[in-house]
Amino acid sequence: MSTKTPWWIRVPVLFFLIFGLMEYFVDSGDKPAIIEYPITQFFMLLVLMILIAIELILGSIENIMFQTLSEESKERYLAAKNQKFKWTWAKNLMKRLTRTKPIEREEEIIMDHNYDGIRELDNVLPPWWVYLFYATIVFSVVYLVRFHVIGEYTQAEEYEQEVAAAQKAIEEYKRTAKDLVDASTVEYLSDPADLAAGEKIFAANCVVCHMADGGGGIGPNLTDEYWILGGGIKNVFSTISEGGRAGKGMVAWKQNFKPAEIAQVSSYVISLGGTTPANPKAPEGEIWVDPDTPDEPEQTELETPPAEQVSDSTEVTMN
């Protein structure tokens, strides 16, 4: 029953092997399965207990079989079991990488230098260090050719590429982490799925005050260009999240909806602008102009010459 691998190596290796297989086959999205599904924690605990139980059973069987051996066989078995586990391949690898001389052969490399009884050994440079030094030379040659001879790309270009990649990662992060949005970072959601979700929220919570078509009732008309607390996606998001005017405005909805849901219903409210409700309420507030909209260039009117001058010039031309 003697094995080459001790139990304290077998149990962890098998445990983490089963753990890796579980994480590979269990679809848990972005989170590890052991966190997403608490039942897997119980499963891995059960696996660990089974592995320990197997080792205990094997130890018991080994002990029973040992008692059936003769005295001579017991001695041979104990001698083999008590022999230290030797990593022969590791020792050979270390020997090749260092090329050190054993203590018994140090007289072969001892030098004449002697200082107060301290002698110097003429050891060779470790091969691992020499190979690493050669690798740095090869790397420097490749670097020199790429960046100083061929000029593959410059540090400025590399910086721009890194910034572009980071910006792409930020956009992807914003797309998948919508609940981190706030009034300063919210953007209009034009995707039909987001607008449909916003319409559903609006129909369930907002029609009492603003009517189903946004024409207004208790609350203001959402289809015209007049706004009490400012228009635009950022102002609408802030109004829905934090509430309207104190004492007479809309309540704050941030405790009822996630930021992503507020962004969806805000986008739907913006999409109602310009529509024609059945019974629109009179405008309230002021016309809101987006401050980020660039001003249109003023058109210079061409001066029209007096009719008399035109007729005179025509006569001259005709004559």
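The values are calculated or read from the model by the stated rules, or taken from the named source; none is laboratory data. This one's a predicted model, so the numbers in the text were calculated from it and none came from an experiment. Don't worry about glycine lacking a Cβ; one is built from the backbone with ideal geometry, like all the others, and counts go over all protein chains shown.
List, please: which pairs have Cβ atoms under 7 Å, are six or more places apart or on different chains, and start with a residue in region 1-30 that is closer than 23 Å to ASN63 by Cα and end with one that is of a type in the set (D, E, K, R) and modelled with pLDDT of 80 or more?
Close Cβ pairs (under 7 Å, with a partner that is of a type in the set (D, E, K, R) and modelled with pLDDT of 80 or more) amount to MET1/GLU62; TRP7/GLU55; VAL11/GLU55.
Against the condition at pLDDT below 90 and either outside the structural domain of SER241 (by TED's automatic domain parsing) or out of contact with any Gly (no Cβ under 9 Å at 6 or more places or on another chain) (or both), how does GLU162 come out, does it pass?
No; evaluated as a whole, the condition is false for this residue.
List the pairs whose first member sits in region 91-116 and is within 23 Å of TRP128 (Cβ to Cβ), whose second member is of a type in the set (A, V, I, L, M) and surrounded by 11 or more Cβ atoms within 10 Å (Cβ to Cβ), and whose Cβ atoms are under 7 Å apart, counting only residues at least 6 apart or on separate chains?
These pairs meet every condition: ARG99/VAL124; LYS101/ILE109; GLU106/LEU121; ILE109/LEU121.
Tell me, which helices (runs of 4 or more DSSP H) lie completely within region 154-236 with 3 or more residues that are farther than 29 Å from PRO277 by Cβ? Break it down stepwise before answering.
Numbers: elements: 155-176, 192-205, 207-210.
It comes to 155-176.
Consider region 51-71. How many of its residues are exposed (fewer than 12 other Cβ atoms within 10 Å of the Cβ) and over 14 Å from TRP8 (Cα atoms)?
10
For region 1-18, state whether one or more residues are among the polar types (S, T, N, Q), modelled with pLDDT of 85 or more and not in a helix (DSSP H, G or I). Full working, then the answer.
At the first step, the residues of region 1-18 found to be among the polar types (S, T, N, Q) are 2-3, 5.
If we keep only those that are modelled with pLDDT of 85 or more as well, we get none.
So far as region 1-18 goes, no, none of its residues is among the polar types (S, T, N, Q), modelled with pLDDT of 85 or more and not in a helix (DSSP H, G or I).
Per-residue answers, yes or no, for (1) surrounded by 10 or more Cβ atoms within 10 Å (Cβ to Cβ); (2) of a type in the set (A, V, I, L, M); (3) in contact (Cβ under 8 Å) with a residue 24 or more places away in the chain; (4) under 30 Å from SER241 (Cβ atoms):
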{"site": "ALA166", "(1), (2), (3), (4)": "yes, yes, no, yes"}
{"site": "LEU189", "(1), (2), (3), (4)": "yes, yes, yes, yes"}
{"site": "PRO192", "(1), (2), (3), (4)": "no, no, no, yes"}
{"site": "CYS206", "(1), (2), (3), (4)": "yes, no, yes, yes"}
